[in-house]
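Encoded as structure tokens, the structure appears first; notes follow it.
The values are calculated or read from the model by the stated rules, or taken from the named source; none is laboratory data. This one's a predicted model, so the numbers in the text were calculated from it and none came from an experiment. Backbone-built Cβ (ideal geometry, glycine too); neighbour counts: all protein chains shown.
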């Protein structure tokens, strides 16, 4: 059966909620993937940074298989012998005292919102029902109804209201706008350190530091959504580390499982997460033994293989080569670590056609916001593979 067979199955029986490139992948190992016809491609998307450790990392495969043969799900009605070790691993690596595990990134964002609101009412004394959270324009925190309530992307919002109140939207990267938006009912400021889905938008240096200090002065929680930027992707364990910032809460997901299983978590100290009591929040699958075992292995790989350091070194190497390309199609190359965006000028005709050409050259990247090509390969990529890819990328970016 060829690609068309599988593509037609998706088109005929699946909801049309994505616009994927027409490549049907069936195998993956390291930085490489293979389609059903046996064609090989370099993965430069990493499942939106869920595959920082690469496809099918053997250590995580072993953890998955071993745990699958023991017990996979207990629900939180009972304890299991893996969750405590997962909690400790998260604390040892991040420095936060507690964590609350969930499944998808959006669930973790919803969790952080609930925790921030409870903190506002119980610890700060905001009247119940009045808590506000400040967010940034251009954000992407997920697609639940509450989360799209504070999105500024019409595609995510149109036809999905009514929306959840309690959010203020300010321009991203503008410190003064956050300062002006804070009032006695402000519970938290929630930001992505780098806006990945918005086109790899990087705020001014020192922005996160200024926001964090302002939040401390005003008695407001600072929440960093590191679902895409965290766990090594940007060349630090967390992108917030570039500004020497320790947020009050950090949201992680994606690479927390190495791409094997939906795992997310909210990290914070006891005076924040310790406010949650039994029955107030939960998930049938969140913190299950299979997820916990996979999470421990995924974190061990990140630390043992020094993936943040690799992302920093290889990312600078990759970005330097991209910035050397002199093409009238390119407006700007920007990024940190191995989260890189190549923004094209409007006259280039959109990023989609460039991604389709790259696919024909054996490289899988994806457009975001029409005019940006995102390059985010697994953090295990070698310089030699970048050298292999660069002539193909250069020729593609030079095309008319």
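Descriptive notes on the structure:
- Of all residues in segment 246-290 being within 24 Å of residue 48 (Cα to Cα) and without any contact (Cβ under 8 Å) to a residue 60 or more places away in the chain, the one that is nearest to the chain's Cα centre (by Cα): 256
- Test result for residue 106, buried (at least 17 other Cβ atoms within 10 Å of the Cβ), under 30 Å from residue 260 (Cβ atoms), in contact with a helix residue (DSSP H, G or I) (Cβ under 9 Å, 6 or more places away or on another chain) and modelled with pLDDT of 95 or more: yes
- The one condition from (1) farther than 30 Å from residue 306 by Cα; (2) without any contact (Cβ under 8 Å) to a residue 12 or more places away in the chain that residue 152 does not meet is (2).
- Some residue of segment 53-71 being within 18 Å of residue 191 (Cα to Cα) and either surrounded by fewer than 16 Cβ atoms within 10 Å (Cβ to Cβ) or over 18 Å from the mean Cα position of the chain (by Cα) (or both): no
- Residue within segment 40-52 that is part of a helix (DSSP H, G or I) and without any contact (Cβ under 8 Å) to a residue 60 or more places away in the chain present: no
- Residue check, residue 216 out of contact with any strand residue (DSSP E or B) (no Cβ under 7 Å at 6 or more places or on another chain) and closer than 30 Å to residue 64 by Cβ: no
Table: residues versus (1) assigned to a loop (DSSP other than H, G, I, E, B); (2) over 30 Å from residue 295 (Cβ atoms).
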residue	(1), (2)
156	no, no
162	yes, yes
173	yes, yes
199	yes, no
214	no, yes
235	yes, no
241	no, no
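- No other residue among 294, 314, 363, 380 is closer than 29 Å to residue 35 by Cα, touching a helix residue (DSSP H, G or I) at 6+ places or on another chain (Cβ under 8 Å), modelled with pLDDT of 95 or more and buried (at least 24 other Cβ atoms within 10 Å of the Cβ) apart from 294.
- Residue in segment 245-268 that is at pLDDT 95 or above, assigned to a helix (DSSP H, G or I), at negative phi and buried (at least 23 other Cβ atoms within 10 Å of the Cβ) present: yes
- Counting residues in segment 333-348 that are more than 30 Å from residue 93 (Cα to Cα), within 19 Å of the chain's Cα centre (by Cα) and not in a helix (DSSP H, G or I) gives one or more.
- Of the set (1) touching a helix residue (DSSP H, G or I) at 6+ places or on another chain (Cβ under 6 Å); (2) over 17 Å from residue 231 (Cα atoms), all apply to residue 267 but (2).
- Residue tally, condition touching a helix residue (DSSP H, G or I) at 6+ places or on another chain (Cβ under 9 Å) and loosely packed, with under 12 Cβ neighbours inside 10 Å, over segment 72-81: 1
- Residue-level check: of (1) in contact (Cβ under 8 Å) with a residue 12 or more places away in the chain; (2) outside any helix (DSSP H, G or I), residue 67 misses just (2).
- Residues located in segment 317-342, provided they are buried (at least 23 other Cβ atoms within 10 Å of the Cβ) and within 30 Å of residue 87 (Cα to Cα): 337, 338, 339
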